[in-house]
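Below is one structure, written out as structure tokens; the observations come after it.
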Amino acid sequence: MRIDARVRSSANHFIALVAGLLVFVPIYLVFVNSLKTRAESSSMGVGLPAVPQWENYTTVIEDGDLVVAFFNSLLYSLSATAICVVLSAMAAYVLARRRTRGHRLLYLLLIMGIAMPTNFVTLMQVMQWTNLVNTQLGIILLYAAMQIPFSVFLVYAFVGSIPRELDEAAFIDGCGPIRAFFRVIFPLLMPVLVTLSVLSILNIWNEFLMPLYFLNSSSAWPMTLAVYNFFGMYQSNWALV
């Protein structure tokens with residue numbers, strides 16, 4: 001039995017080691033090729049550079065305006081996530097506590113946004129009508145709206161695990177609906193809200209299409225579009241990318 005346990009443990013460790021190496025390979029390729037010349041990096045090989053080109057990093061930071069792009073991405077991610085988390089928590093709480101026919105229909109309409117594709121023609125018309133095209137506020141609201149369907153779906157299930165007696169106790173103590181939510185329910189939602197915040201920040205940070213369509217000014221571009229600057233029509237400098 002001890003031998004079988006040791007063999008099983010060794011096999012599990014070996015599988016974990018292989019999985020770890022597979023995850024490490026893309027990171028290694030990105031780092032090694034970032035230190036190569038344009039010609040060397042075009043093949044994206046695994047070999048080390050003949051002469052490390054450390055100045056590639058200086059070129060990228062200066063020519064790509066990565067400092068501005070980084071703070072733009074930070075602004076968009078944090079602002080949109082904060083809006084999404086608060087609105088989704090409030091919506092999910094009301095929909096979960098008052099399960100009327102109308103609320104069920106509204107909930108279904110909201111979570112349909114998880115699977116429904118975005119209609120960019122209609123969305124562009126709405127953005128133009130509201131004068132939000134090429135504005136930081138517009139892209140923040142877009143990001144928040146994109147994350148709300150999944151966020152409501154996630155929080156809705158979690159609210160069901162919170163006893164209704166807590167709501168009733170808060171109302172008996174004189175709290176209004178808003179105060180009861182933020183003083184009693186909102187702190188209890190922290191586990192799911194933290195998870196939701198991490199997922200939202202990652203999704204928004206990696207988003208490419210929305211800023212490409214709705215941000216014309218390069219000064220408002222996030223990191224994803226700043227990197228796109230190093231792709232040319234006929235050639236790309238993969239060392240800088």
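The values are calculated or read from the model by the stated rules, or taken from the named source; none is laboratory data. No experiment lies behind these values; they were computed from the predicted model shown. Note: ideal-geometry Cβ built from the backbone for every residue, glycine included; neighbour counts use all protein chains shown. These accessible areas exclude ligands, DNA and RNA; they are computed on the full protein's heavy atoms, side chains included. Shrake-Rupley method; radii C 1.70, N 1.55, O 1.52, S 1.80 Å.
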Revision key, fill the gap. With the first residue restricted to segment 21-37 and required to be within 9 Å of residue 239 (Cα to Cα), and the second required to be assigned to a helix (DSSP H, G or I) and hydrophobic (A, V, I, L, M, F, W, C), Cβ contacts under 8 Å at 6 or more apart or on different chains are none
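Filter segment 39-80 for residues that are of a type outside the set (A, V, I, L, M), assigned to a helix (DSSP H, G or I) and open to solvent by 80 Å² or more (accessible area, probe 1.4 Å) and give the result. Give the derivation first.
Residues of segment 39-80 that are of a type outside the set (A, V, I, L, M), as a first pass: 40-43, 45, 47, 49, 52-59, 62-65, 70-73, 76-77, 79.
Those left that are additionally assigned to a helix (DSSP H, G or I): 40-41, 55-59, 62-63, 70-73, 76-77, 79.
Residues satisfying the conditions are 55, 57, 62, 63, 70, 71.
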Check your understanding: Scanning for something in contact with a Leu (Cβ under 7 Å, 6 or more places away or on another chain), part of a helix (DSSP H, G or I) and of a type outside the set (A, V, I, L, M), does segment 214-222 turn up at least one residue?
Key -> yes
Check your understanding: Taking only pairs six or more apart or across chains, which ones have beta-carbon atoms under 8 Å, a first residue in segment 48-64 that is closer than 11 Å to residue 226 by Cα and modelled with pLDDT under 90, and a second residue that is open to solvent by 70 Å² or more (accessible area, probe 1.4 Å) and assigned to a loop (DSSP other than H, G, I, E, B)?
Key -> 63/229; 64/229
**Study point:** Tally, over segment 126-149, of residues that are of a type in the set (Gly, Ala, Ser) and assigned to a loop (DSSP other than H, G, I, E, B)
**Key:** 0
Exercise for review: Check segment 228-235 and report whether any residue there is at pLDDT 90 or above, surrounded by 16 or more Cβ atoms within 10 Å (Cβ to Cβ) and within 26 Å of residue 118 (Cβ to Cβ).
Suggested key: no
